[in-house]
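Asks: Just dropping this structure here.
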Amino acid sequence: MNRDIKFGRLLAIANILSEKVFEEGKQSVVQKYMSRYSQKPEKTFQKIHEELLEYTPKFGQDEMVLLDMFGEILADMDESEFTNEPLTPKYLHAFHSQQHRLSNLIGVEEAAKILGLSPGTIKNKCAAGELPAVKIGKTWVMDKTLLD
């Protein structure tokens with residue numbers, strides 16, 4: 001995967017996390033850091049990461065799934081990619097597509113509320129392939145637009 005795509009995906013995940021855990025009225029990651037992210041991605045990402053870590057006590061199951069995704073992308077990055085070399089516009093495409101995909105991502109609890117079933121039933125249906133879901137770690141996640 002291209003470096004710009006990785007940084008774009010990281011920004012999208014960080015932004016979704018910030019929208020979920022920041023106080024109402026506080027700027028999201030994109031609102032606060034987007035203009036400098038493309039010019040100094042390593043330095044800006046470190047600031048974003050530090051700010052998000054302050055909110056880990058607010059993280060629930062859905063946020064931990066996002067954090068796992070974050071970790072997978074970072075683990076896939078070579079040290080030589082994690083620099084302040086400016087990003088190309090390609091990162092924007094990765095950001096927007098990842099942002100769109102993640103904005104509809106839900107866990108078992110929210111799916112249970114939408115479908116009027118118990119969380120245990122949702123987990124069983126996911127495991128049996130009756131619901132379009134993927135397992136990340138120990139958590140099932142799905143696109144809420146596919147649950148209709």
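Asks: Looking at the range 18-38, which of its residues are small (G, A, S) and either closer than 21 Å to S103 by Cα or without any contact (Cβ under 8 Å) to a residue 24 or more places away in the chain (or both)? Quick ask: steps written out before the conclusion?
Replies: Taking the range 18-38 and keeping what is small (G, A, S), we get 18, 25, 28, 35, 38.
Passing the criteria: S18, G25, S28, S35.
Asks: If the Cβ limit is 8 Å and pairs must be 6+ apart or interchain, which residue in the range 39-66 that is over 19 Å from L102 (Cα atoms) pairs with which residue that is surrounded by fewer than 17 Cβ atoms within 10 Å (Cβ to Cβ) and of a type in the set (S, T, Y)?
Replies: Between residues of the range 39-66 that are over 19 Å from L102 (Cα atoms) and residues that are surrounded by fewer than 17 Cβ atoms within 10 Å (Cβ to Cβ) and of a type in the set (S, T, Y), the close pairs are P41/T83; E42/T83.
Asks: Another question, if that's okay. Looking only at residues in the range 103-124 that are of a type in the set (D, E, K, R) and within 18 Å of K135 (Cβ to Cβ), which one is farthest from the chain's Cα centre (by Cα)?
Replies: Filtering the range 103-124 for residues of a type in the set (D, E, K, R) gives 109-110, 113, 123.
Now drop any that are not within 18 Å of K135 (Cβ to Cβ), which leaves 109-110, 123.
On the way: E109: 18, E110: 17, K123: 21 Å.
So the residue we want is K123.
Asks: If you don't mind, another one. Specify the residue that is modelled with the highest pLDDT; the eligible residues are those in the range 100-109 that are out of contact with any strand residue (DSSP E or B) (no Cβ under 9 Å at 6 or more places or on another chain) and either over 24 Å from V30 (Cα atoms) or open to solvent by less than 70 Å² (accessible area, probe 1.4 Å) (or both).
Replies: Looking at residues that are out of contact with any strand residue (DSSP E or B) (no Cβ under 9 Å at 6 or more places or on another chain) and either over 24 Å from V30 (Cα atoms) or open to solvent by less than 70 Å² (accessible area, probe 1.4 Å) (or both), I get E109.
A quick yes/no check of all residues on (1) out of contact with any helix residue (DSSP H, G or I) (no Cβ under 9 Å at 6 or more places or on another chain); (2) over 19 Å from V65 (Cα atoms):
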{"site": "F82", "(1), (2)": "no, yes"}
{"site": "P86", "(1), (2)": "no, yes"}
{"site": "Q99", "(1), (2)": "no, no"}
{"site": "E109", "(1), (2)": "no, no"}
{"site": "G116", "(1), (2)": "yes, yes"}
{"site": "P119", "(1), (2)": "no, no"}
{"site": "C126", "(1), (2)": "no, no"}
{"site": "D143", "(1), (2)": "no, no"}
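Asks: Still on this structure: Looking only at the range 17-55, which residues are open to solvent by 10 Å² or more (accessible area, probe 1.4 Å) and among the aliphatic types (A, V, I, L, M)?
Replies: Within the range 17-55, V30, M34, L53 meet the criteria.
Asks: For residues that are closer than 14 Å to G107 by Cα and either open to solvent by 30 Å² or more (accessible area, probe 1.4 Å) or of a type outside the set (D, E) (or both), scanning just the range 57-66, find the one that is nearest to the chain's Cα centre (by Cα).
Replies: Taking the candidates together, the pick is L66.
Yes or no, residue by residue, for (1) more than 14 Å from L10 (Cα to Cα); (2) in contact with a Ser or Thr (Cβ under 7 Å, 6 or more places away or on another chain):
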| site | (1), (2) |
| --- | --- |
| V65 | no, yes |
| M69 | no, no |
| E79 | yes, no |
| N84 | yes, no |
| K90 | no, no |
| L115 | yes, no |
| S118 | yes, no |
| T139 | yes, no |
| T145 | yes, no |
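The values are calculated or read from the model by the stated rules, or taken from the named source; none is laboratory data. As the structure is a prediction and not an experimental result, all values here were calculated from the model. Positions of Cβ are generated from backbone atoms using ideal geometry, with glycine treated the same way; all protein chains shown enter the neighbour counts. Ligands, DNA and RNA are excluded from the accessible area calculation, which covers all protein heavy atoms including side chains. Shrake-Rupley method; radii C 1.70, N 1.55, O 1.52, S 1.80 Å.
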